[in-house]
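A.B. asks: One structure coming up, written as C-alpha cells, with questions to follow.
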Amino acid sequence: MKMELRVQDSELCANSDGSLTVSGYVNKTGQLSEILGVTKRFKEKIARGAFSRAIQSAKRDVDFLAEHKGDLILASTRNGSLQLNEDEQGLFMSAKVTPTSWGKDYYELINSGILRNMSFGFRTIKDSWKQIESNLYERTIEELELFEVSVVKNPAYSQSTIAARGIDLVEDVEIPVEPEVEEVEVQKEKDLDLHIQKTQIEVEKQKASVSSAERMLKLNDSNSSRSYLERTKKVLEEKRNELSKLQEEQKMIEELKKEIRELQDVGTGQSSISQQVAPITELLESTSDVVAKSRKIKLVGQELKLPYETELSDAEFVLDGDPIPEVSLNLAEVTKLSPKRIGIAQRFSNVLLNEVGVLEEHSKSKLVSRVGKKIEEEILVGDGTLTGLHGIAPDELVPSVNIAIAPTELLLRALYLKVNSEYRPFCKWYMSEQYFEKVAKIIVNGEYIVKSKTVDNKVVATLWEHEIEVTNAIAAGDTIGQVPIIFADIANAYTLAISKDVVVTKLGKDSIVSVSGNTLFMAEMYCDGSVHNYQAVAKGTISA
C-alpha cells in the first residue's frame, strides 16, 4: 500500500457503559498542520468537504486499526461498527470495538487514557500548492482516498518500521515546481501510445494485403503478380520495423519509470504488481491468438445486448431515376452479456520471494497467460453459463457441417465453403490435436493437403493456405456430437465484452495470508463474449 500518514493529537474517548465504543476527531479540517516535509518544508490542511466526498465515493471498506496493523482490526465500515462523518469541525469517528482479545486490550488502553492519538492513511487525488515564504509552502488537499484510521501510541513513524509491515509510506511529499514539464511528458506518452496503436492497425491491414497478393499469384502466376507480392511484403516489413522501434521506445520509457511507478490497490495488504516490460493487456493477447483477434468492446453496467446480422445484402445496378434499394439489416439479438469473473492465484513463501528477486514478474506473466488460455478456451467451447462465455462450438446458430470421425477432403471443403466468401480470406482453422493428426494424413493426388509455411520466423501448418492452430481446448472428435474443428475469421465473428480488464495483485505481509508466511499473487478479470457475425464462422460436428 502506498499512502501518506497524518497524526491528530485528539481527544479519543471511550464510553464508560461497557459497550466498547470509542469516538473522537480523526482530523480537524481547514486547520494548518505543523511544518511537515524533509527536504522541502510545507504546512498542510484538508479542505472542508474532502472527507465527505471520500466517504461517499469509497469503493472499499475503511477499517479502524491498531497501530496501522492490518491484522489488528478493531472495527470496520463493512459491518457498520465504524461510523465516519464530516461535520463543521472535521472528520469524526465513532467505533464499536469488536470484542476480540486485542480489541478488549486496546479498548482498555484507550479507556485508561494511555492511547489518545488518532492517525489516518490516505492517498492524495487532488491538491494545490502555494509558496508562503522561502522554502516553505502551503498545501491544500482537495480530494483524497481514505484507506484507514488508526489509534496509535507514538505519532512518529519511520520509513523502516512502516516498510516492515508492507506499507510504502510517503514521508517526503513531492512539491510540484514545474508542472508544465510533467504535462508535456504525459502528452508525449499518450502520443506514443496512439502512434503504436495506429501502426499496429497498419501492420494488420498490410498482412491482409500480402495474403490477398499471395492468393492472386496462385490464381495468376505472372510477373505483375509476383512484383505486386514483393512490394506488399516490403511495405509489411517496413511497418513491422517501425512498430518494433516504437515498442522499443515504449519499453525504455517503462523501464526508466518503473522505480517511481507503483500501480496500487487500496485494500489492506494489497498492491498491484508493477508492469515491467509490457502492459498487462499485451501479455494477455500475446498468450492467445484467439483472444488477440477477437473484437473487444467495453461492457458498461450489468448487461449488454449484442446484435448480429443474419444475412448479407449486395449492392445492385439500377436505372437513372429508379430508387436505390434499401438494405435490411435483419438484426436479431443474442443472449445478453453480463460481467463474469475469471481468475487464478499462486502462492509463494516469503523466504523464497526474498531469495529469488524475479519471481514477482515471473508469477505475473504466468498468471496472465493462464487467464488468456482460459478465455481462449471459452471463446471456442464455452457453454454460456453463469461462469463462462458463449463459445463458438456450442452455439446452435453457428453454421455446422456434418463430418466424420475419419475426415475427408470433401467434408473439409464443405466446411470451408460454409463461411461467407467475404470473410473466408481472413479465416483460420482451429483443430483439436487428435483431429489435426487425422487431417494431416489426408493425401490427394499424391500430396498431403496439409502444408507448412514460415510466418514471422515460425513454421506453421496450413490447409488451403489458411493457418491451422492446434488447441487442446477443442473436443477430440472421436464421439458423435463433438466439434473438433472450427473455421473462423475471429476478428469479424466474435466479440469479447470487457467490464474490468485483467489486473494482477499481490496480498502480502499485512493481509491474512501473512499468517502462514506466504505471499499470494492473484490475477482476475471481468468479461463476457459471444459470436456477433454468423457469416464469418463455421464448425464441423461429428455425425454417424
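The values are calculated or read from the model by the stated rules, or taken from the named source; none is laboratory data. Everything quoted here is computed from the prediction, not taken from an experiment. Cβ placement follows ideal geometry from the backbone for every residue including glycine, while neighbour counts extend to all protein chains displayed.
A.B. asks: If only one of Ile35, Ile46 is more than 30 Å from the chain's Cα centre (by Cα), at pLDDT 90 or above, of a type outside the set (Asp, Glu) and closer than 21 Å to Met3 by Cα, which one is it?
C.D. replies: Answer to the check: Ile46.
A.B. asks: Among the residues that make up segment 443-453, is at least one of them touching a Leu at 6+ places or on another chain (Cβ under 7 Å) and among the aliphatic types (A, V, I, L, M)?
C.D. replies: yes
A.B. asks: A further question follows. Name every residue in segment 34-87 that is in contact with a Lys or Arg (Cβ under 8 Å, 6 or more places away or on another chain) and among the basic types (Lys, Arg), in order of residue number.
C.D. replies: Lys43, Lys45, Lys69
Residue by residue, here is whether (1) in contact with a Ser or Thr (Cβ under 8 Å, 6 or more places away or on another chain); (2) assigned to a strand (DSSP E or B); (3) on the phi < 0 side of the Ramachandran plot holds:
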{"residue": "Gln434", "(1), (2), (3)": "no, no, yes"}
{"residue": "Glu437", "(1), (2), (3)": "no, no, yes"}
{"residue": "Val459", "(1), (2), (3)": "yes, yes, yes"}
{"residue": "Ile468", "(1), (2), (3)": "yes, yes, yes"}
{"residue": "Gln482", "(1), (2), (3)": "yes, no, yes"}
{"residue": "Ser530", "(1), (2), (3)": "yes, yes, yes"}
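A.B. asks: Turning to a different aspect of this structure: What are the residues in segment 99-112 that are in a loop (DSSP other than H, G, I, E, B) and touching a residue at least 60 places away in the same chain (Cβ under 8 Å), if any?
C.D. replies: Across segment 99-112, the qualifying residue is only Pro99.
A.B. asks: Within segment 506-518, is there a residue that is modelled with pLDDT of 85 or more and surrounded by fewer than 22 Cβ atoms within 10 Å (Cβ to Cβ)?
C.D. replies: Within segment 506-518, none of the residues are modelled with pLDDT of 85 or more and surrounded by fewer than 22 Cβ atoms within 10 Å (Cβ to Cβ).
A.B. asks: Is it the case, given these coordinates, that Leu256 is surrounded by fewer than 13 Cβ atoms within 10 Å (Cβ to Cβ), over 30 Å from Phe120 (Cβ atoms) and modelled with pLDDT of 65 or more?
C.D. replies: Spelling it out, it is not the case that Leu256 is surrounded by fewer than 13 Cβ atoms within 10 Å (Cβ to Cβ), over 30 Å from Phe120 (Cβ atoms) and modelled with pLDDT of 65 or more.
A.B. asks: Okay, next question. Can you tell me which residue in segment 51-78 is surrounded by the fewest Cβ atoms within 10 Å (Cβ to Cβ), limited to those that are among the charged types (D, E, K, R) and not in a strand (DSSP E or B)?
C.D. replies: Only one residue fits best here, namely Lys59.
A.B. asks: Only one of (1) crowded, with 21+ Cβ neighbours inside 10 Å; (2) among the small types (Gly, Ala, Ser); (3) assigned to a strand (DSSP E or B) fails for Ser452. Which number is that?
C.D. replies: Every condition holds for Ser452 apart from (1).
A.B. asks: Still on this structure, I have one more. For segment 411-433, what are the residues that are closer than 22 Å to Glu377 by Cα and surrounded by fewer than 16 Cβ atoms within 10 Å (Cβ to Cβ)?
C.D. replies: Within segment 411-433, Glu433 is the sole residue that qualifies.
A.B. asks: Mind checking which pairs have a first residue in segment 438-461 that is within 30 Å of Val203 (Cα to Cα) and without any contact (Cβ under 8 Å) to a residue 60 or more places away in the chain and a second that is surrounded by 13 or more Cβ atoms within 10 Å (Cβ to Cβ) and of a type in the set (Lys, Arg), Cβ under 9 Å, 6 or more apart or different chains?
C.D. replies: Asp456/Arg240; Ala461/Lys451
Residues checked against (1) modelled with pLDDT of 90 or more; (2) out of contact with any Leu (no Cβ under 6 Å at 6 or more places or on another chain); (3) closer than 13 Å to Val291 by Cβ; (4) of a type in the set (Phe, Trp, Tyr):
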| position | (1), (2), (3), (4) |
| --- | --- |
| Asn354 | no, yes, no, no |
| Gly357 | no, yes, no, no |
| Lys364 | no, yes, no, no |
| Glu376 | yes, yes, yes, no |
| Leu380 | yes, yes, yes, no |
| Leu386 | no, yes, no, no |
| Leu389 | yes, yes, yes, no |
| Ile392 | yes, no, no, no |
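A.B. asks: Would you confirm whether any residue within segment 465-475 is exposed (fewer than 13 other Cβ atoms within 10 Å of the Cβ) and under 26 Å from Val210 (Cβ atoms)?
C.D. replies: Yes; the residues of segment 465-475 include at least one that is exposed (fewer than 13 other Cβ atoms within 10 Å of the Cβ) and under 26 Å from Val210 (Cβ atoms).
A.B. asks: Okay, moving on. Tell me whether segment 91-99 contains one or more residues that are more than 30 Å from Glu138 (Cα to Cα) and loosely packed, with under 14 Cβ neighbours inside 10 Å.
C.D. replies: Yes, because at least one residue in segment 91-99 is more than 30 Å from Glu138 (Cα to Cα) and loosely packed, with under 14 Cβ neighbours inside 10 Å.
A.B. asks: Checking Ile162 against (1) at pLDDT 70 or above; (2) touching a Leu at 6+ places or on another chain (Cβ under 7 Å): exactly one of these is not met. Which one?
C.D. replies: (1)
A.B. asks: Can you run down the residue pairs with Cβ atoms below 7 Å, 6 or more apart or on separate chains, where the first is in segment 23-46 and within 12 Å of Ile141 (Cβ to Cβ) and the partner is of a type in the set (Lys, Arg) and outside any strand (DSSP E or B)?
C.D. replies: Listed pairs, sorted by first residue: Thr29/Arg48; Gly30/Arg48.
A.B. asks: How many residues are farther than 18 Å from Lys428 by Cα, outside any helix (DSSP H, G or I) and either polar (S, T, N, Q) or in contact with a Pro (Cβ under 9 Å, 6 or more places away or on another chain) (or both) if we restrict to segment 362-402?
C.D. replies: Total meeting the criteria: 6.
A.B. asks: Assess whether Asn85 counts as being assigned to a loop (DSSP other than H, G, I, E, B) and of a type in the set (S, T, N, Q).
C.D. replies: No, not satisfied.
A.B. asks: Can you tell me which of (1) touching a Ser or Thr at 6+ places or on another chain (Cβ under 7 Å); (2) in a loop (DSSP other than H, G, I, E, B); (3) at pLDDT 65 or above is the one Asp172 doesn't meet?
C.D. replies: Every condition holds for Asp172 apart from (3).
A.B. asks: Something else now. Does segment 455-462 contain any residue that is surrounded by 14 or more Cβ atoms within 10 Å (Cβ to Cβ), over 30 Å from Ile73 (Cβ atoms) and modelled with pLDDT of 90 or more?
C.D. replies: Yes, that holds for at least one residue.
A.B. asks: Let me ask you something else. I need a count of the residues in segment 210-219 that are at pLDDT below 80 and surrounded by 10 or more Cβ atoms within 10 Å (Cβ to Cβ).
C.D. replies: Of the residues in that region, 6 qualify.
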